[in-house]
Amino acid sequence: MIITFVDITDRISTLRELEKLNASHETFIYSVSHDLKAPLANIEGLVAYWIESSGSGAETDPDQKRTAQLLQKSVHSMRNIIDELSELSKIGVQDGESAVGVKLEDIIDDVKLILKRQNY
């Protein structure tokens, strides 16, 4: 029977650092998406008020109408981006699970190194 011990202290330390970095990125993404929602809602309200106040009669300027439509489209696109950011910050947090990437090559290299040491 052969027992081999491998020091994984560095790997555990690296994993903890990556978890902290991931948590700070999630917090940043949440903060940014949250902070952008209020100004966007203000812009959305102002555009809606502008459209409402300009009326839909014959005197409505076609350029203003087109500008209002473009503004509405931009606000809608921005809201979609913010919603996607919000969803990104929730990935892995909902179930308390987080995905950890593993390089198969690194594992194979470690096994080779262990086997090589045993052949001494």
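The values are calculated or read from the model by the stated rules, or taken from the named source; none is laboratory data. Small disclaimer: the values here were computed from a predicted structure and weren't measured. Here the Cβ positions follow ideal geometry from the backbone for every residue, glycine too, while neighbour counts run over all protein chains shown.
Key figures for this structure:
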quantity: Members of region 61-81 that are among the hydrophobic types (A, V, I, L, M, F, W, C) and under 17 Å from Gly45 (Cα atoms); calculated: Ala68, Leu70, Leu71, Val75, Met78
quantity: Those residues of region 30-59 which are surrounded by 13 or more Cβ atoms within 10 Å (Cβ to Cβ) and within 24 Å of the chain's Cα centre (by Cα), in sequence order; calculated: Tyr30, Val32, Ser33, His34, Leu36, Lys37, Leu40, Ile43, Glu44
quantity: Residue in region 60-98 that is modelled with the lowest pLDDT, counting only those that are among the basic types (Lys, Arg) and either under 30 Å from Trp50 (Cα atoms) or in contact with a strand residue (DSSP E or B) (Cβ under 6 Å, 6 or more places away or on another chain) (or both); calculated: Lys65
quantity: Which listed residue is surrounded by 13 or more Cβ atoms within 10 Å (Cβ to Cβ) and farther than 30 Å from Asp110 by Cβ, from Thr67, Thr27; calculated: Thr67
quantity: Residue count for region 72-83, restricted to those that are surrounded by 12 or more Cβ atoms within 10 Å (Cβ to Cβ) and either charged (D, E, K, R) or in contact with a Leu (Cβ under 8 Å, 6 or more places away or on another chain) (or both); calculated: 5
